[in-house]
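A.B. asks: Structure incoming, see below.
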Amino acid sequence: NVNNIVGARPPAETGASATNAEAVDGIPSASRGLSGIFAVKQVLNALHERLARDGFLEVDVQHLAGDILAVQRRSADSGRRTCFITRSVYGRDICEDLPCDVGTLELPGAIAAVHVAATLYVPDQQHNCGDKTLTGLNCHVKTYSSLGEVAYLWRQNNRTMLKLKHFPPGSILVFSMNPNGMAQCIADLDDLLTPDAIRAPLEGLSLSDLNYLLFSCEAEESDRSGGKRGGYDIPGFGPLVYCGLMGVCAALDAERVARVQLATSPVVENIRAGDWLLDYFIGRLEPMPGLAGVRSWLERVQTVLSRMPRDLVPFHFDVAISELCSQAASALTAQLGVAASTSALVRDLAIATAQFWGATPSAPLHWDNAKRDGWQRWPSLCAGLPHFASGFMRNWGRDTFISLRGCLLATQRFDEARSTILVYAKVVRHGLCPNLLDAANNPRYNARDATWFLMQAIQDYVEMAPEGTDFLAAPVSLKWPVKEWDTDLAHLEPKTIADLIHLICAAHAKGIQFREWNAGSKIDEHMTDAGFNISVRLDEETGVIYGGNEANCGTWMDKMGSSDKAHNRGVPATPRDGAAVEIVGLLKSTLRWVSSLDDKAFPHSSVKTSTGKELSYKEWNSRLQANFERLFWVGEDDKAPTSLRGFYRDTVGATRSWQDFQLRPNYPIAMAVAPELFTRAYAQRALRTAADRLIGPLGMCTLDPSDKEYHGDYHNDDDSEDKAVAHGWNYHQGPEWVWPLGFYMKACNIFFPQLPAGVSPKKSPKASPAGSPKSQTGCEDEDPRFYRQTLMGLLAQHRRELALGKWRALPELTNSKGSVCHHSCPSQAWSIATLLDACRDFDLTDA
């Protein structure tokens with residue numbers, strides 16, 4: 001080859017502060033004694049190595065005209081960049097003149113070094129290659145002595161402007177740039193990101209403040225701003241799920257996973273194009289006095305970012321906002337009593353609990369108190385996001401008290417738990433806790449189970465909160481006095497929490513019978529007339545409480561049909577009338593507990609039944625203990641309408657008698673709260689039955705997939721004529737709900753306890769798999785450590801959802817085999833709460 005270097009020498013000054021290329025970062029110029037194309041390749045190879053080593057990871061490509069491209073490799077943290085401008089040769093007939101529409105390259109900062117300015121010429125020639133020899137083409141390289149030979153350069157608004165003037169096909173121009181003032185910007189931002197500077201505005205924030213700063217879905221944001229502000233919607237990406245910091249942090253994390261080049265993300269482009277997102281963050285904090293310090297910090301960050309080149313802003317925005325989000329999460333976990341050695345799973349679950357405790361104008365915990373003190377002072381525990389974010393649908397008694405132990409007690413939010421219990425206690429009526437609270441304004445009493453989850457929550461609070469049994473003396477004044485709804489019990493008007501517990505038990509012992517307030521379409525447009533009749537009765541012989549009818553659904557499996565086309569309107573899919581197994585377990589837990597309390601803490605010893613007989617709490621507890629397994633266990637000798645054995649009935653005495661024997665995830669709830677009811681061997685077998693048939697990737701099937709009524713995919717918009725699924729009638733007929741898994745894990749932890757150190761199991765369950773005759777007859781010889789390891793292995797998908805999902809949460813439910821259910825809440829309080837509570841039992845360390 002004829003490879004000649006023409007006029008090779010360091011570039012001269014051009015008015016843009018170009019310097020000797022050899023003096024910059026060890027990158028040679030094209031004049032190191034090598035010939036022709038090899039000299040240029042030496043420079044490019046050296047740049048390739050250095051740019052990769054020094055973190056020049058961001059790449060921008062700009063089409064200047066025709067076959068001319070400008071490629072920038074940029075170090076996002078320092079702002080330094082190297083620019084490659086090339087003009088390719090795709091044919092022999094290309095004119096050497098530049099296209100008339102060649103664009104201008106606008107670059108922040110000043111040129112620091114020119115590495116290559118050259119053109120490769122290849123004369124017309126025949127390319128001859130033998131069978132064994134590959135020959136090159138004769139060519140020569142011309143290098144230019146200055147940038148002025150190939151481009152016009154000028155300064156404008158503190159930026160370097162470059163427009164090509166002589167750049168034949170086959171040309172390349174490579175130069176490096178340093179941004180003006182970037183070092184000072186980085187130093188100023190570093191000052192704001194020191195531990196002391198970033199933690200100071202976060203000190204003393206309440207749980208409600210942190211909820212607002214980190215989370216707040218669009219419905220909550222609209223409610224809190226009086227409809228003036230919604231979510232932040234990014235063109236090409238969509239709305240951020242949270243208006244707080246976690247929304248954009250989750251979005252950026254998702255884009256990091258989805259894209260090779262984060263710089264191409266619509267999220268990054270939005271941040272690069274303007275300050276709208278930062279303005280949004282700052283503006284939404286203005287009406288929150290408790291977050292004034294955070295707002296001031298963000299304004300100072302914005303001032304620093306405004307001095308940076310726009311293409312560098314996304315990186316530093318990401319650094320600053322991610323660090324603020326991380327420190328806010330750390331402040332949250334410190335308040336929640338989460339130790340530094342705690343596993344990432346428990347930390348993520350604890351942080352997720354803050355999504356649900358927040359204040360909204362339309363759904364304060366107590367309406368009258370909020371009018372007196374302001375709605376910001378009365379936050380409440382939201383059932384799920386975004387469907388239950390605001391209005392009368394935000395607060396549910398059942399959801400609240402299933403969630404309270406994990407969301408508030410396990411996270412040491414005792415004041416919040418206390419105020420929640422006391423507000424619900426104030427509106428007890430008919431001996432029942434309301435299902436829908438509606439800010440204690442228009443509650444609805446159509447749930448038989450919410451009351452017993454309240455009773456369990458009171459017991460848990462006394463067990464876990466510092467004030468202990470003193471809480472039982474906390475004053476209570478009912479909004480609706482007892483005499484207004486049951487004159488026979490008027491003498492039991494409660495003055496304390498202990499009195500309230502006694503009133504609730506007395507009402508159930510006597511029997512509850514009433515018709516819902518405002519019965520009719522005003523409160524339920526689908527329910528038939530009979531469904532508004534609420535009843536509960538005690539079977540004195542067994543101690544079991546029964547309730548409900550086939551026209552209503554008083555437990556958490558409460559889907560009411562609404563399709564005229566499919567003829568399921570007004571028909572509950574799962575009425576579960578009779579004695580529901582989890583209610584019986586919760587009742588037993590309450591009876592055991594109050595029977596153990598001294599007279600000072602609980603000055604009540606007995607109730608009166610519907611026959612007027614005195615029934616002591618201890619006797620009631622004993623009767624339930626003696627009869628439970630006889631009524632609920634389904635063993636080999638049981639005359640059940642199913643071939644399945646080795647589990648506990650879902651209900652006893654249901655109108656639809658076959659539904660008593662349906663395998664559902666409710667008996668592990670009873671196991672977790674009242675383990676004394678269960679024979680260990682039976683319990684272990686039943687837990688294995690549930691594991692074999694009900695456990696999915698995230699939750700538990702609400703019905704055995706082998707059941708003829710099973711339909712595992714929930715679509716609330718199904719407008720078919722199929723009664724089983726129309727309008728989502730199968731809500732609890734197979735879809736996999738997450739919250740029962742927490743109780744299942746707690747039950748396993750009780751009935752498969754960890755062996756003491758040095759104790760060897762008699763037999764591994766691998767040698768006797770679930771379902772074999774051996775494992776169906778005896779369970780005490782199995783290795784509990786196997787079950788603990790298996791249980792923690794079940795949570796792999798939960799870890800991913802919490803760490804990488806855009807909601808940073810766990811959903812209400814999934815469809816069959818863990819598939820996404822688009823009609824489910826993607827973030828549900830009880831899903832987080834029960835798993836956090838269960839994981840605490842496993843004493844997890846960071847691993």
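A.B. asks: Can you find, within segment 61-118, the residue that is surrounded by the most Cβ atoms within 10 Å (Cβ to Cβ) among those that are among the aliphatic types (A, V, I, L, M) and part of a loop (DSSP other than H, G, I, E, B)?
C.D. replies: Looking at the filtered set, the residue picked out is ALA76.
A.B. asks: Continuing with the same structure: Filter segment 335-383 down to the residues that are of a type in the set (Ser, Thr, Tyr) and open to solvent by less than 10 Å² (accessible area, probe 1.4 Å) and list them by number.
C.D. replies: SER343, THR353, THR360, SER380
A.B. asks: Might you let me know whether segment 296-315 holds any residue that is open to solvent by less than 40 Å² (accessible area, probe 1.4 Å) and touching a Ser or Thr at 6+ places or on another chain (Cβ under 7 Å)?
C.D. replies: No.
A.B. asks: Could you list, in sequence order, all residues of segment 349-374 that are modelled with pLDDT of 95 or more, part of a helix (DSSP H, G or I) and of a type in the set (S, T, N, Q)?
C.D. replies: Once the filter is applied, which keeps residues that are modelled with pLDDT of 95 or more, part of a helix (DSSP H, G or I) and of a type in the set (S, T, N, Q), segment 349-374 yields only THR353.
A.B. asks: Still on this structure, please answer the following. Being closer than 24 Å to ASN549 by Cα, of a type outside the set (Gly, Ala, Ser), modelled with pLDDT of 95 or more and open to solvent by 30 Å² or more (accessible area, probe 1.4 Å): is that true of ARG623 here?
C.D. replies: Against the criterion (closer than 24 Å to ASN549 by Cα, of a type outside the set (Gly, Ala, Ser), modelled with pLDDT of 95 or more and open to solvent by 30 Å² or more (accessible area, probe 1.4 Å)), ARG623 does not qualify.
A.B. asks: Another question, then. With the checklist (1) open to solvent by 20 Å² or more (accessible area, probe 1.4 Å); (2) outside any helix (DSSP H, G or I) in hand, flag the one item CYS553 doesn't pass.
C.D. replies: (1)
A.B. asks: Looking only at segment 221-263, how many residues end up being open to solvent by 40 Å² or more (accessible area, probe 1.4 Å) and part of a loop (DSSP other than H, G, I, E, B)?
C.D. replies: 10
A.B. asks: Out of ILE501, ILE523, which single residue is farther than 30 Å from TRP658 by Cα, part of a loop (DSSP other than H, G, I, E, B) and under 36 Å from the mean Cα position of the chain (by Cα)?
C.D. replies: ILE523
A.B. asks: May I ask you to list the residues in segment 647-685 that are touching a Pro at 6+ places or on another chain (Cβ under 8 Å) and either part of a loop (DSSP other than H, G, I, E, B) or surrounded by 24 or more Cβ atoms within 10 Å (Cβ to Cβ) (or both)?
C.D. replies: Residues satisfying the conditions are ALA654, THR655, ARG656, PRO665, ASN666, PRO668, ILE669, ALA683.
A.B. asks: Give segment 706-733 a look and list any residue that's open to solvent by 60 Å² or more (accessible area, probe 1.4 Å) and over 27 Å from the mean Cα position of the chain (by Cα), or say none.
C.D. replies: Scanning segment 706-733 gives SER706, LYS708, ASP719, GLU721, ASP722, LYS723.
A.B. asks: Here is a check on your reading of the model: is PHE401 open to solvent by less than 40 Å² (accessible area, probe 1.4 Å) and in contact with a helix residue (DSSP H, G or I) (Cβ under 6 Å, 6 or more places away or on another chain)?
C.D. replies: Values: open to solvent by less than 40 Å² (accessible area, probe 1.4 Å): yes; in contact with a helix residue (DSSP H, G or I) (Cβ under 6 Å, 6 or more places away or on another chain): yes.
Taking the combined requirement at face value, the residue satisfies it.
A.B. asks: Separate question: For segment 389-398, check the following and say yes or no: at least one residue is at pLDDT 95 or above, buried (at least 24 other Cβ atoms within 10 Å of the Cβ), assigned to a helix (DSSP H, G or I) and on the phi < 0 side of the Ramachandran plot.
C.D. replies: Yes, segment 389-398 has at least one match.
A.B. asks: Examine segment 708-716 for a residue that is acidic (Asp, Glu) and part of a helix (DSSP H, G or I), and state whether such a residue exists.
C.D. replies: No, that holds for no residue.
A.B. asks: Another one. What's the number of the condition TYR280 fails, among (1) within 26 Å of SER827 (Cα to Cα); (2) in contact with a helix residue (DSSP H, G or I) (Cβ under 8 Å, 6 or more places away or on another chain)?
C.D. replies: (2)
A.B. asks: Give LYS163, LYS132 a once-over and let me know the one that is over 30 Å from GLN327 (Cα atoms), out of contact with any Asp or Glu (no Cβ under 9 Å at 6 or more places or on another chain) and assigned to a strand (DSSP E or B).
C.D. replies: Answer to the check: LYS163.
The values are calculated or read from the model by the stated rules, or taken from the named source; none is laboratory data. Computed from a predicted model, the values in this text were never measured in an experiment. Every residue, glycine as well, gets a Cβ built from its backbone with ideal geometry; the counts of neighbours run over all protein chains shown. The protein model used for the area step is the full one, side chains on, heavy atoms only, and it has no ligands, DNA or RNA in it. Shrake-Rupley method; radii C 1.70, N 1.55, O 1.52, S 1.80 Å.
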